[in-house]
Amino acid sequence: MRRVLVLYFSQTGQLHDIVRSTVAPMERNPEFEVDTVELKPSKPYPFPWPFFRFFNTFPECIYEDTEVIEPADLDAEKQYDLIIVAYTVWFLQPALPVLGFLKSEKAKRVFAGKPVITLIGCRNMWLMAQERMKELLTGLGARLIDNIVLTDTSHSAFTFYSTPMWMLFGKRGPFFNGWIPRAGISQADIDGAERFGRAIAAQLPNRDAKDDRPMLTGLGAVHVREGLIESEKTIKRSFRLWGALLRSLGKPDALARQFVILLYFLFLFLVIITVVPILAVIKMILKPLAKASIAKQREYFAAPSGESSQLLERGA
Ligand SMILES: Cc1cc2nc3c(=O)[nH]c(=O)nc-3n(C[C@H](O)[C@H](O)[C@H](O)COP(=O)(O)O)c2cc1C
């Protein structure tokens, strides 16, 4: 019998659907026992998000200012053969309820020495969040063996409109007669996540407990958008700086903080429509010179599963 623990937090149910699709092959297999635990904050986050509440959450995300979550239905003494941590990204960080759990005493007991697969469902910016996740898992003594990432594959310019429409107004689209596609991860990609569960169900029963090799290589588990590497690093630095300033102005509901947040997002919006496209053009011109360094970074961020989809092409 192989025991698998699946931990997740999902607000709209999108990540929940991805989790269901991924674990289905293991749940159907009599050699597997799958425990799924939802990470619930004591007070649910609102959805759709009120405008200020949404943007005002970024300093708390960056500085990990959140309640500790210890799910009552998680047995910390049970020994698992594999843990799947499914998370969404909030302001380039793992979503607050996931951070809240990873900082708990229960997490220390459950994760120590265990192999972990991370499963991300987000718009398209997950690199910095996964860097933080790696640090947290290492701190808990866990071993990251695979990473699966599902994103909204529409053009960034479209999701820059459709994601806020979904998060702030609950309107998912499609918009403008289908010119801007429906926000979120496509149903085909959600259904396709079953292939990861099939690969785990086939391999886990034959693995040694200390085996750290990935199980999902060749299945297209990860795609690194190289154009977002530098942007994510820059935005994270900016979030740290402005987040510190905003926190010094008081709690999220402080009036001064709401005023500065408005200024900051106006500034960010202007940067995104002016500086970002200019930088993208410069990057395109310099691309041949930076080829080797970009390839190295892609490989780093795609680890441990890698970007190859060789097995998919062969019909796996
Ligand atoms: C407060 C907040 C911040 C977000 N920040 C990001 C982000 O930095 N990068 C990203 O790709 N998606 C971001 N998203 C989108 C989420 O990762 C996710 O796709 C969306 O919330 C739906 O997930 P669900 O399964 O929890 O409903 C953000 C969403 C929220 C609510």
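Filtering the range 90-114 to residues that are within 14 Å of the ligand (Cβ to nearest atom) and either touching an Asp or Glu at 6+ places or on another chain (Cβ under 8 Å) or more than 23 Å from Leu228 (Cβ to Cβ) (or both) leaves Leu92, Gln93, Leu96, Pro97, Leu99. Of the conditions (1) more than 16 Å from the ligand (Cβ to nearest atom); (2) more than 15 Å from the chain's Cα centre (by Cα); (3) surrounded by 22 or more Cβ atoms within 10 Å (Cβ to Cβ), Ile117 clears all except one; give me its number. Here Ile117 meets the rest and fails (2). Counting only helices (runs of 4 or more DSSP H) that sit wholly inside the range 1-74, not one has at least 2 residues that are outside the structural domain of Leu136 (by TED's automatic domain parsing) and surrounded by fewer than 15 Cβ atoms within 10 Å (Cβ to Cβ).
The set of residues in the range 22-74 being within 12 Å of the ligand (Cβ to nearest atom), within 25 Å of Gly197 (Cβ to Cβ) and free of Cβ contacts under 8 Å to residues at least 40 places away in the same chain consists of Glu38 alone. Scanning the range 120-151 for residues that are of a type in the set (A, V, I, L, M, F, W, C), part of a strand (DSSP E or B) and away from the ligand (no atom under 16 Å from the Cβ) turns up Leu144, Ile145.
When the range 76-89 is limited to residues that are farther than 15 Å from Gln11 by Cβ and assigned to a loop (DSSP other than H, G, I, E, B), the one that is nearest to the ligand (Cβ to nearest atom) turns out to be Tyr80. Among the residues of the range 173-197, those identified as within 17 Å of the chain's Cα centre (by Cα) and either not polar (S, T, N, Q) or not assigned by TED's automatic domain parsing to the domain that holds Val19 (or both) are Ala183, Gly184, Ile185, Asp189, Ile190, Ala193, Phe196.
The values are calculated or read from the model by the stated rules, or taken from the named source; none is laboratory data. Because the structure is a prediction, the values reported are computed rather than measured. Please note: Cβ atoms are built from the backbone with ideal geometry, for glycine as well, and neighbour counts cover all protein chains shown.
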